[in-house]
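All remarks here apply to the structure that follows.
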């Protein structure tokens with residue numbers, strides 16, 4: 001398997017585009033994580049089915065977030081995308097998230113070329129409030145059976161907020 005941090009660039013994030021690699025397909029309750037040292041995916045745990053991911057979940061190669069892992073992405077797409085698939089994606093916002101007292105941002109993206117939706121999703125405003133609430137509810141409670149109250153959704157941010165975080169995480173990776 002390719003080491004995504006070596007074979008992929010972050011993308012043209014200043015113009016709102018990033019490469020993202022899918023770890024967990026939409027609808028899966030398998031907590032699959034990228035192991036940077038081994039350049040491989042690993043099954044970290046099996047979550048209860050009630051905590052299946054509401055969206056595809058991945059990371060931006062060439063970045064390190066404040067929690068020490070690659071910067072996470074939430075990939076909005078009508079279909080589950082298999083683990084290990086990478087795509088060019090368009091930034092539409094960010095979920096500000098705290099996990100065990102550490103910031104753990106989630107950059108919200110859509111495929112750069114989504115002909116199913118006619119590329120109609122361009123910002124978080126194009127998502128329904130109900131859908132955003134479902135995502136927030138998932139991340140607020142998905143650890144409740146093991147570590148209740150350790151996750152907090154701190155709200156949503158704009159495309160510019162997301163671009164700034166990608167820039168910070170890119171610089172952190174370079175160091």
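Inspect all residues belonging to the range 25-42 and state whether any of them is surrounded by 21 or more Cβ atoms within 10 Å (Cβ to Cβ), under 21 Å from residue 159 (Cα atoms) and modelled with pLDDT of 95 or more. Within the range 25-42, none of the residues are surrounded by 21 or more Cβ atoms within 10 Å (Cβ to Cβ), under 21 Å from residue 159 (Cα atoms) and modelled with pLDDT of 95 or more.
Can you spot a residue in the range 57-65 that is more than 25 Å from residue 121 (Cβ to Cβ), under 15 Å from the mean Cα position of the chain (by Cα) and modelled with pLDDT of 95 or more?
Yes: one or more hits.
Specify the residue that is surrounded by the most Cβ atoms within 10 Å (Cβ to Cβ); the eligible residues are those in the range 101-114 that are touching a strand residue (DSSP E or B) at 6+ places or on another chain (Cβ under 8 Å) and over 14 Å from residue 55 (Cα atoms).
Result: 105.
Filtered by the rule that a residue be in contact (Cβ under 8 Å) with a residue 24 or more places away in the chain and either part of a loop (DSSP other than H, G, I, E, B) or loosely packed, with under 12 Cβ neighbours inside 10 Å (or both), the range 120-133 gives 121, 122, 123, 127.
Condition first: crowded, with 17+ Cβ neighbours inside 10 Å and either at pLDDT below 95 or over 18 Å from residue 94 (Cβ atoms) (or both). Can you find one or more residues in the range 9-20 that meet it? Within the range 9-20, not a single residue is crowded, with 17+ Cβ neighbours inside 10 Å and either at pLDDT below 95 or over 18 Å from residue 94 (Cβ atoms) (or both).
Summed over the range 8-24, residues that are closer than 17 Å to residue 158 by Cα and within 14 Å of the chain's Cα centre (by Cα) total 2.
Find the residue count for the range 134-155, including only residues that are assigned to a strand (DSSP E or B) and surrounded by 17 or more Cβ atoms within 10 Å (Cβ to Cβ).
Of the residues in the range 134-155, 2 are assigned to a strand (DSSP E or B) and surrounded by 17 or more Cβ atoms within 10 Å (Cβ to Cβ).
Condition first: touching a strand residue (DSSP E or B) at 6+ places or on another chain (Cβ under 9 Å), at pLDDT 95 or above, over 22 Å from residue 27 (Cβ atoms) and surrounded by 18 or more Cβ atoms within 10 Å (Cβ to Cβ). Can you find one or more residues in the range 72-87 that meet it? No, the conditions are met nowhere in the range 72-87.
In summary, residue 91 fulfils each of the numbered conditions (1) within 19 Å of residue 22 (Cα to Cα); (2) in contact with a helix residue (DSSP H, G or I) (Cβ under 8 Å, 6 or more places away or on another chain); (3) not in a strand (DSSP E or B) with the single exception of condition (3).
Test residue 144 against the criterion of being under 20 Å from residue 15 (Cα atoms) and without any contact (Cβ under 8 Å) to a residue 60 or more places away in the chain, and give yes or no. Answer is no for this residue.
The values are calculated or read from the model by the stated rules, or taken from the named source; none is laboratory data. The structure presented is a predicted model; accordingly, all values stated were derived computationally and were not measured. Positions of Cβ are generated from backbone atoms using ideal geometry, with glycine treated the same way; all protein chains shown enter the neighbour counts.
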